[in-house]
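First comes the structure, then the notes that go with it.
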Amino acid sequence: MSLLKSREAILGAAIVALLVLIATRFPAFVEPKNLLEVFNDTSPLIILALGQMVVILTRCIDLSVAANLALTGMVCAMLNVAWPGMPIGVIMVIALACGALMGAVNGLLVWKLDIPPIVVTLGTMTIYRGIIFLLSGGAWVNSHEMSRAFTGVPRTQILGLPLLGWIAIVVALIMAVVMSRTPMGRSFYATGNNPHAAVYTGIDVGRSQFLAFTISGTLAGLAGYLWISRYAVAYVDIAGGFELDVVAACVIGGASIAGGVGTVVGTILGALFLGVIKNALPVIDISPFWQMAISGAAILVAVTFNSRSGRARGRVILKSAEHAQ
Amino acid sequence: MSTLSTNHAPRDSAGPRKIPDQLSSPATKALKSWESLLLLVAVAIFLMNALASPYFLDAWNLSDATYNFTEKAMIAFAMALLIIAGEIDLSVASIIALASTAMGLMMQAGFGTPALVATGLVVGLLCGAFNGLLVTRLGLPSIVVTIGTMSLFRGISYIVLGDGAFRGYPADFAFFGQGYVFWVFTFEFVLFAVLAVIYAVVLHRTNFGRAVYAVGNNATAALFSGIRVGRVKMILFLLTGLMSGIAAVCLTSRLGSTRPSIGTGMELEVVTMVVLGGVNILGGSGSIAGVVIAAFVMGLVTFGLGLLNVPGIVMSIFIGLLLIGVIALPRLWKKLRRA
């Protein structure tokens, strides 16, 4: 019963309903091959949203993820142009490190100087974007300048799903284990639920916020390489405004902006919900310009829904006493 | 005589008063304030600009430079009150886009300038009311609501315009963004100055202003002391929407066209201006004077860098560093002094 009432189940049902609705008019959309393509297309959003969820859990917000993604992507693309022979594995490690560094900068400002996260990440969002311009001089890195391996690796098909999709699955599995099975993962929940209580149980709240930002940055870096190689172009404004979709995916997935509430499964479903809408719009012949307004409306509906379901639920300390009434 | 005079000296009923070694007069207090520090920064930047470029000290150039901040500052006044009251509105730039799009539609339908201005203001108010209702009636966090409406409002502009644009606004509509009231003083600058005075009086000299601080410091205590917290917040969201509508009229008039991407990223600069002006991002404190000086600082920085041919995106690095720097430095300083 509680499983049926859970937000993940409701969201899952909403996605299925959406798919059924689309399928009644465009059956080709729900063919397994196309669904895999939709999943693959949503993979960068899933990766970013999982990082964002951790940050939101600790009562923070990271608005710099899209800029981080774009800067890391540009670094990878320029490395590839300069040394075309550099193995993709090395590039991915550099992407992770580059993203982690930017996330750590956010985290340090929040942890050590106690600056509100929204101010920090609004600032670093523009700074990271500006650095892309300084690095590239405003020039684009186009597909013909990139090596075959650079753009090819994330497209490698394994069991019908490109490597990009598999990376999202691996990230999701790692995050699921980290969030539910490690002291670090639990400390994120504790920090967001009640920072004071967290301190008394020996958790360094600032440090776990720092770690959350570093995780978010690392995943943004990974998504940076994947994004650039998928679209085979790097420029200053890439993924502009994508941070809003990332926050939207988390909020739709049930994460509470007040911290402490959010699950890996919910966040993935939230991202998929947006991904299905984005991919369905051209199919049902609605202008892609609708995407932005629909994302915005989805955030508002989701946050309203979250607060309603959150308000009704009290904390039941004595189960038997409740049944006795 | 002397004994007599001491007898007549006024005595504190609460007993002997402690007399401080050194009086801190209002003057020294003002000198040590954030606003005077900021003013110093503004003067320094002004002098640096004057030395760096021979074109800086020209009345008409300086008049053009005010466009760098006037529209943003109008929104920043209302945003300052909103942030002092503990809320935030990230949708202001999107309200500009939606209001400008609505004005474009009215223009296409053949309406004249008064109707266009009214449309901009009404759409701004409606957007503010929408944000305000979601925050005050449903009790939702303003940051999520306005991130949502930020997408929604601009998204509607994209639905209407796609990759197109509205052009051909009536000639007399150009006054709001391009006209002069007298000599080098533009309409926008005069409006900015008038609004600054109005907001300063409202925030610092009225009951409503005190209520704004009270709500930001402790909303629960404010409620228990008889302040209608929801109503105060609702009014502030309406004001922010209205200011965004006014800014939309000015910006549309200045550019002479509407694209759905109009004013993208402006919310960041508005928030930066407010925070740079010494308003506590967590609510409860701040002044309009600070915001006014911050507007000049930001305008001077962007204008000076522009004269030195620094591209806009590099300027945004400066704005970002300024935003983090002004908050980080005092905290860093405090930390180092403690250590």
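The values are calculated or read from the model by the stated rules, or taken from the named source; none is laboratory data. Since we're looking at a predicted model, the values are computed, not measured. Every residue, glycine as well, gets a Cβ built from its backbone with ideal geometry; the counts of neighbours run over all protein chains shown.
Observations on the structure shown:
- The listed residues are B:Ile293, B:Ile262, B:Ile324, B:Ile317, and the only one of them that is touching a residue at least 60 places away in the same chain (Cβ under 8 Å) and in a helix (DSSP H, G or I) turns out to be B:Ile293.
- Helices (runs of 4 or more DSSP H) fully within the stretch A:117-209 counting 2 or more residues that are of a type outside the set (Ser, Thr, Tyr) and within 14 Å of another protein chain (Cβ to nearest Cβ): A:117-136
- Number of the exception - A:Gly89 against (1) within 14 Å of another protein chain (Cβ to nearest Cβ); (2) surrounded by fewer than 24 Cβ atoms within 10 Å (Cβ to Cβ); (3) among the small types (Gly, Ala, Ser): (1)
- Tally, over the stretch B:168-220, of residues that are over 22 Å from B:Thr240 (Cβ atoms) and either at pLDDT 95 or above or of a type in the set (Phe, Trp, Tyr) (or both): 7
- Residue count for the stretch B:190-236, restricted to those that are over 21 Å from B:Ala289 (Cβ atoms), in a loop (DSSP other than H, G, I, E, B) and of a type in the set (Val, Ile, Thr): 1
- Residue ranges of helices (runs of 4 or more DSSP H) in the stretch B:53-136 with at least 2 members more than 22 Å from B:Ala200 (Cα to Cα), among the small types (Gly, Ala, Ser) and touching a Lys or Arg at 6+ places or on another chain (Cβ under 9 Å): B:92-108
- Selection within the stretch A:86-135 - of a type in the set (Phe, Trp, Tyr) and under 21 Å from the mean Cα position of the chain (by Cα): A:Tyr128
- If only residues of the stretch A:266-292 that are of a type in the set (A, V, I, L, M), surrounded by fewer than 19 Cβ atoms within 10 Å (Cβ to Cβ) and more than 15 Å from A:Val20 (Cβ to Cβ) are counted, the one that is nearest to the chain's Cα centre (by Cα) is A:Leu281.
- The residue that is farthest from B:Met107 (Cα to Cα), counting only those in the stretch B:156-165 that are buried (at least 21 other Cβ atoms within 10 Å of the Cβ) and touching a residue at least 60 places away in the same chain (Cβ under 8 Å), is B:Tyr158.
- Subset of the stretch B:151-175 (residues that are under 22 Å from B:Ser91 (Cβ atoms) and in a helix (DSSP H, G or I)): B:Ser151, B:Leu152, B:Phe153, B:Arg154, B:Gly155, B:Ile156, B:Ser157, B:Tyr158, B:Ile159, B:Val160, B:Leu161
- Pick from the stretch A:227-242, criterion in a helix (DSSP H, G or I) and crowded, with 24+ Cβ neighbours inside 10 Å, ranking: farthest from the other protein chains (Cβ to nearest Cβ): A:Ser229
- There is at least one residue in the stretch B:272-281 that is surrounded by fewer than 21 Cβ atoms within 10 Å (Cβ to Cβ), over 30 Å from A:Gly137 (Cβ atoms) and either more than 9 Å from chain A (Cβ to nearest Cβ) or small (Gly, Ala, Ser) (or both).
- Flag for A:Val110 being within 17 Å of B:Val326 (Cα to Cα), within 12 Å of chain B (Cβ to nearest Cβ), in contact with a Pro (Cβ under 7 Å, 6 or more places away or on another chain) and of a type outside the set (D, E, K, R): yes
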